[in-house]
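K.L.:
I have a structure I would like to understand better, so I am pasting it below and will then ask my questions one at a time.
The values are calculated or read from the model by the stated rules, or taken from the named source; none is laboratory data. Note that the structure is a prediction, hence the values are computed from the model and not measured. No Cβ is skipped: glycine too gets one built from the backbone with ideal geometry, and neighbour counts run over all protein chains shown.
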Amino acid sequence: MIGVYDSGFGGLSVLRALRARLPETDFLYLGDSGRAPYGGRSADTILDFAEQAVERLFEEGCQLIVVACNTVSCVALRHLQQRYAPTGSHRRILGVTIPAAELAVAAHVRSIGVLATARTVASGTYVTEIHKLNPYIRVRQRAAPLLAPIVEEGWEHSSVARDAIRRYLDDLSNCEAILLGCTHYPLLVDEIRSLVGEGVIVLDPSDTVAERLADWLIRHPGFVTDGTAQTRVLCSGDPASFALHGPRFFGAPLPPVEAVVEARGRLVPATDTRPPSGQIVRWT
C-alpha cells in the first residue's frame, strides 16, 4: 500500500494520476485539510505537521509515501527522509519537486515561471532543482497565496480567480513556460492557459510524478506489491466537506472519508466526528 500525503484536497489530483498509472495498487490518502493551507506557515510548523502525517501513514501500514504537497516537498522532504526512511531502511518517502523540475527542463525552454505558495517560493527548491539539470534556464518565481483558497472555495472559474491569476502572472511575463508548483493549481489550468496566451506552455507535474513513481517501482521490485485496487481516504478536517469537494480534484466520487484528529502531537483516528457546539471545555 502506498501512502499519499497532502495538506488538503490538492493532492487528490496527484492520486488520480497515480491510480491511472498503477491501477492494481492500494493507496491510502491523507489530506490535512483541518490545518490547510500550509503555504503561509513557518518551516517549523510544516515540519511538525509533516511528521505527524507520515507517522500516521506508516502506522496504517504504508511502506512507501509520496508527499504530493509541493510545500512539504520543498521544505520538509529531506528531514522526513532522514528521520523516517534512512538509507537501508524498509521505508521510503518520495516527493514531487524532482519530477516537476524534470518536466520543466524537458519543455526545452529558456525561461520558466514557477507559480507556487509563499513557503515553496521562499525555499528556493525549484530554482535549485531546475538549475541542477540545466543551469542556463532562467527561473522566475511568484508566490500566489490566494489561489489555493480560491480553489478550495470552488471559485476556480470565477472572475475572482481570473483577476488573481492575472495579477500573479504579470510578474511572470515573458516566461516561455509556467510550472504549476501547487497541487491546487491544476484546477485553474484552463484559466491560466487562457491568460498566458498561445506559445506559453503550462506544466502540470501530476502525470510526470506518476510516471516517475512507476519507474521507481520497477527499479525496486517487491517494494510495493499489487493489491486489490482499493483506495482509502483520511482527512483531518470535516469528512463530509472533504467528500463533497474532493471529487473536483479526484475526478470521481471518493470512498468513505475517515477522520483523523490531532491528539498530544499525533494524528489519530477520530472516535467522534460530530462537530462540537456551544462552549467547549477540555480537561487535561
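K.L.:
Checking the condition touching a residue at least 40 places away in the same chain (Cβ under 8 Å), under 17 Å from the mean Cα position of the chain (by Cα) and over 24 Å from T45 (Cβ atoms), which residue from P149, P99 passes?
P.N.:
P99
K.L.:
Here is a follow-up. Here are some residues: E176, E191. Which one is of a type in the set (D, E), touching a residue at least 40 places away in the same chain (Cβ under 8 Å) and either touching a Lys or Arg at 6+ places or on another chain (Cβ under 9 Å) or in the same structural domain as R110 (by TED's automatic domain parsing) (or both)?
P.N.:
E176
K.L.:
Can you name the residue in the range 2-60 that is modelled with pLDDT under 95 and among the aromatic types (F, W, Y) and is also nearest to the chain's Cα centre (by Cα) among such residues?
P.N.:
Going through the qualifying residues, I end up with F9.
K.L.:
Does F58 satisfy being farther than 16 Å from P145 by Cα, surrounded by fewer than 20 Cβ atoms within 10 Å (Cβ to Cβ) and not assigned by TED's automatic domain parsing to the domain that holds L188?
P.N.:
Yes.
K.L.:
Mind checking which residues of the range 143-177 are closer than 25 Å to H245 by Cα, hydrophobic (A, V, I, L, M, F, W, C) and in a loop (DSSP other than H, G, I, E, B)?
P.N.:
Hits for the range 143-177 are A144, L146, W155.
K.L.:
Let me ask something additional. Restrict the check to the range 193-206 and report whether at least one residue is of a type in the set (S, T, N, Q) and under 23 Å from the mean Cα position of the chain (by Cα).
P.N.:
Yes.
K.L.:
I would also like to ask the following. Check A68, A107, A161, A118 and return the single one that is out of contact with any Pro (no Cβ under 9 Å at 6 or more places or on another chain), within 27 Å of D32 (Cβ to Cβ) and not assigned by TED's automatic domain parsing to the domain that holds F27.
P.N.:
Just one listed residue meets the conditions, A161.
K.L.:
Residues L180, L213: which one is at pLDDT 95 or above and within 29 Å of A161 (Cβ to Cβ)?
P.N.:
Within the list L180, L213, the selection yields L180.
K.L.:
Every residue in the range 201-226 that is touching a helix residue (DSSP H, G or I) at 6+ places or on another chain (Cβ under 8 Å) and either more than 23 Å from F27 (Cβ to Cβ) or part of a loop (DSSP other than H, G, I, E, B) (or both), please.
P.N.:
Within the range 201-226, V202, L203, D204, P205, F223, V224 qualify.
K.L.:
Being touching a residue at least 60 places away in the same chain (Cβ under 8 Å), over 14 Å from G251 (Cβ atoms) and β-branched (V, I, T) is the filter here; which residues of the range 1-51 pass it?
P.N.:
Once the filter is applied, which keeps residues that are touching a residue at least 60 places away in the same chain (Cβ under 8 Å), over 14 Å from G251 (Cβ atoms) and β-branched (V, I, T), the range 1-51 yields I2, V4, T25, I46.
K.L.:
Residues S241, S236: which one is at pLDDT 95 or above, within 20 Å of the chain's Cα centre (by Cα) and farther than 18 Å from I2 by Cβ?
P.N.:
S236
K.L.:
Restricted to the range 216-228, and to residues that are at pLDDT 90 or above and in contact with a Leu (Cβ under 9 Å, 6 or more places away or on another chain), which residue is surrounded by the most Cβ atoms within 10 Å (Cβ to Cβ)?
P.N.:
Taking the candidates together, the pick is L217.
K.L.:
For the range 248-258, does any single residue satisfy the condition of being of a type in the set (D, E) and in a loop (DSSP other than H, G, I, E, B)?
P.N.:
Among the residues of the range 248-258, not one is of a type in the set (D, E) and in a loop (DSSP other than H, G, I, E, B), which makes the answer no.
K.L.:
I've got another one for you. What about L30, is it surrounded by fewer than 23 Cβ atoms within 10 Å (Cβ to Cβ) and either closer than 24 Å to P145 by Cβ or among the charged types (D, E, K, R) (or both)?
P.N.:
So L30 does not fit the description; no.
K.L.:
Okay, next question. List pairs: first residue in the range 254-276 and under 13 Å from R56 (Cα atoms), second residue modelled with pLDDT under 90 anywhere in the structure, Cβ distance under 6 angstrom, at least six positions apart or on different chains.
P.N.:
What qualifies is A259/T273.
K.L.:
Across the range 160-210, which residue is surrounded by the most Cβ atoms within 10 Å (Cβ to Cβ) among those that are of a type in the set (A, V, I, L, M) and touching a Gly at 6+ places or on another chain (Cβ under 6 Å)?
P.N.:
So, considering only residues that are of a type in the set (A, V, I, L, M) and touching a Gly at 6+ places or on another chain (Cβ under 6 Å), the one surrounded by the most Cβ atoms within 10 Å (Cβ to Cβ) is I178.
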